[in-house]
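The values are calculated or read from the model by the stated rules, or taken from the named source; none is laboratory data. Nothing here was measured: the structure is a model prediction, and the numbers come from that model. Here the Cβ positions follow ideal geometry from the backbone for every residue, glycine too, while neighbour counts run over all protein chains shown. Just the protein is used for accessible areas: all its heavy atoms, side chains included, with ligands, DNA and RNA removed. Shrake-Rupley method; radii C 1.70, N 1.55, O 1.52, S 1.80 Å.
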Amino acid sequence: MSESVLIEQVYPRLPIFLQNAACWYYGQREARVRSGPAFEQLLRELLDSEYFSASEIEAYQNEKLRDLIRHAYETVPYYRERWKTLKLSPADIKSREDLPKLPILTKEDVRQNFEQLVSQNTNRHNLVFRHTSGTTGKALHFYSTKSAIAFQWAVWWRHRARFGVYPGAWHANFTGKRVVPLNQRTPPFWRWNRPLHQALLTMHHLTREKIPSVIEFLNSYPFDFYSGYPSIIHMLALHASAAGLSLQSPPRAVFTGAENMLDFQRRDIQKFTGAILTDQYGCSEGCGNASHCPEFVYHEDFEFGIMEGCELNSGNPARSILCTGFACPDFPLIRYEVGDTGVTQERGRSCACGRQSDVWLRIEGRKDDYVVTPEGLHIMRFDYIFKDAMNVQEAQVIQERSDEIMIRIVRRPSYRAKDEGEIRSEVARWISPRLKVRFEYVSELEREANGKFRAVLSRLNAAERTHVSSEVSH
């Protein structure tokens, strides 16, 4: 029986103690990768290099880059052939200032050349298959390795350490994963992943009628921090505040990622938790990362890779983010266009925190609207429903009525009626079984001025959104 069948069909039918056991098994498996001896060594090194001088950072990155370019040219078929066509060789890339000589790697390039991007020196047993759909609704498959995953987690824990939180701290993780079955009506609306020291709370159960039980649970354990999507944690703050509930054991910090935190979300979460709110920017592909410092600007995690800002159009301060990753030479991503945009601080200007790594003042590329479900939930992330939709080229979710969404899809030639049925089923599973779905097929999706499009677009006005929430509260 496949793992997906176990998750989708067997897990929801298990008694709660066995669901907790399944979470323990998953956590134990993940802990071996995320927090083993390699992780501990990497975290120590990252804490030591955090205050490198500008010249030390430059020397470090240039050496790593030269090694990566040479490795890619000699062992990765895709880069070797493409660079030869452009008459480029490793000798042409001596520093990060030379990176613009190389072509940009797009997500479509990765899709079309998936196997050609694997290093010929790789032991394929070390590869870890990963997939994502990001914010665009396009499925993307790629490889990582256990050492690269440990490196990424070490970078994320260094960010947490800046705010007094260290490995082993217990935390509440607010997730879109359905670890608590959607049809569960009574507590507990959480599950335990003890090897990773976390309680898992799903967005689907942060409703007005269930929020008292959730807050009672959060008050019964002194969690050091909360983590998750800002839209999900905001859902907690919104419904709890509306119910007149408060946290008796607030967390030290709230760590967010994957979405931009909007101003109203920050205001409501800070008011409810009283905690420090801090964010890190990264991508599932694991080729670049930037983390907040105590001044709440993003510092490039320079040991993990290089983040370039590529000009979109003249006069626009927002730049397309290109990442060149150092962590996974087995499947190297070089000048990879993540699909997000951001605004950089002028290079050479130091931050008041004392760190000398490059600063991104803000990340702008993850601004999505949210869909209001018939249950009153606010859902921003729809990537879960497209992760395996390989026959979808692009997708966009639009809400014009409170009980319905329209999914606009650019189809690949292999798209069939069964794909539509599978997407409809995923919406019922992940988002809401009461939400109606209709489809519109187009040749291309409308773009914004910067070339991007919003994956989730709500056309409900404020009154309609409020009406849905008030209906649910009654």
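Quick notes
- Within the stretch 257-285, being free of Cβ contacts under 8 Å to residues at least 40 places away in the same chain, in contact with a Pro (Cβ under 6 Å, 6 or more places away or on another chain) and open to solvent by less than 10 Å² (accessible area, probe 1.4 Å) holds for one residue alone: Q265.
- Annotation: of all residues in the stretch 198-218 being surrounded by fewer than 16 Cβ atoms within 10 Å (Cβ to Cβ) and out of contact with any Pro (no Cβ under 6 Å at 6 or more places or on another chain), the one that is farthest from G27 (Cα to Cα) is E209.
- Filter pass, S443 being surrounded by 18 or more Cβ atoms within 10 Å (Cβ to Cβ), part of a loop (DSSP other than H, G, I, E, B) and at pLDDT 75 or above: no
- Enumeration of residues in the stretch 29-65 that are open to solvent by 40 Å² or more (accessible area, probe 1.4 Å), not in a helix (DSSP H, G or I) and not polar (S, T, N, Q): Y51, F52
- Once the stretch 201-231 is narrowed to residues that are of a type in the set (A, V, I, L, M) and within 19 Å of P250 (Cβ to Cβ), the residue that is modelled with the lowest pLDDT is L206.
- Every pair of residues 6+ apart whose Cβ atoms lie under 8 Å, when the first sits in the stretch 55-80 and is of a type in the set (K, R) while the second is surrounded by 15 or more Cβ atoms within 10 Å (Cβ to Cβ) and assigned to a helix (DSSP H, G or I): R66/P90; R70/P90; R80/A72; R80/Y73
- Matching entry among S357, S314 (being over 30 Å from M406 (Cα atoms), of a type in the set (S, T, N, Q) and touching a helix residue (DSSP H, G or I) at 6+ places or on another chain (Cβ under 7 Å)): S357
- Residues of the stretch 105-114 satisfying the condition of being in contact (Cβ under 8 Å) with a residue 40 or more places away in the chain and open to solvent by 30 Å² or more (accessible area, probe 1.4 Å): T106, K107
- Test: residue in the stretch 121-142 that is out of contact with any His (no Cβ under 6 Å at 6 or more places or on another chain), among the hydroxyl-bearing types (S, T, Y) and without any contact (Cβ under 8 Å) to a residue 24 or more places away in the chain: no
- Taken over the stretch 271-290, the criterion of being within 20 Å of H171 (Cβ to Cβ) and in contact with a helix residue (DSSP H, G or I) (Cβ under 9 Å, 6 or more places away or on another chain) is satisfied by F272, T273, A275, I276, L277, T278, D279, Q280, G282, N289.
- Considering only residues in the stretch 286-301 that are open to solvent by less than 20 Å² (accessible area, probe 1.4 Å) and in a loop (DSSP other than H, G, I, E, B), the one that is nearest to R362 (Cα to Cα) turns out to be C293.
- Selection count where residues are open to solvent by 80 Å² or more (accessible area, probe 1.4 Å) and either in contact with a Ser or Thr (Cβ under 6 Å, 6 or more places away or on another chain) or at pLDDT below 95 (or both), scope the stretch 3-24: 4
Residue-wise test of (1) surrounded by 17 or more Cβ atoms within 10 Å (Cβ to Cβ); (2) assigned to a loop (DSSP other than H, G, I, E, B); (3) at pLDDT below 95; (4) more than 22 Å from the chain's Cα centre (by Cα).
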| position | (1), (2), (3), (4) |
| --- | --- |
| D67 | no, no, no, yes |
| R70 | no, no, no, yes |
| P103 | no, yes, no, yes |
| Q116 | no, no, no, yes |
| T136 | yes, yes, yes, no |
| W153 | yes, no, no, no |
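- Members of the stretch 81-99 found to be open to solvent by 80 Å² or more (accessible area, probe 1.4 Å), in contact (Cβ under 8 Å) with a residue 12 or more places away in the chain and under 21 Å from F304 (Cα atoms), listed by number: K94
- Looking only at residues in the stretch 229-259 that are part of a helix (DSSP H, G or I) and of a type in the set (A, V, I, L, M), the one that is nearest to P294 (Cα to Cα) is I233.
- Residue match in the stretch 186-197 (condition: in a helix (DSSP H, G or I), touching a residue at least 60 places away in the same chain (Cβ under 8 Å) and buried (at least 18 other Cβ atoms within 10 Å of the Cβ)): yes
- Any chance S402 is at pLDDT 65 or above and either in contact with a Gly (Cβ under 8 Å, 6 or more places away or on another chain) or open to solvent by 30 Å² or more (accessible area, probe 1.4 Å) (or both): yes
- Residue pairs meeting the criteria (Cβ under 7 Å; at least 6 apart or on separate chains; first modelled with pLDDT of 95 or more, in the stretch 31-49; second surrounded by fewer than 18 Cβ atoms within 10 Å (Cβ to Cβ) and in a helix (DSSP H, G or I)): L47/A161
- In the stretch 317-349, of all residues being open to solvent by 40 Å² or more (accessible area, probe 1.4 Å), part of a loop (DSSP other than H, G, I, E, B) and in contact (Cβ under 8 Å) with a residue 24 or more places away in the chain, the one that is farthest from L361 (Cα to Cα) corresponds to P329.
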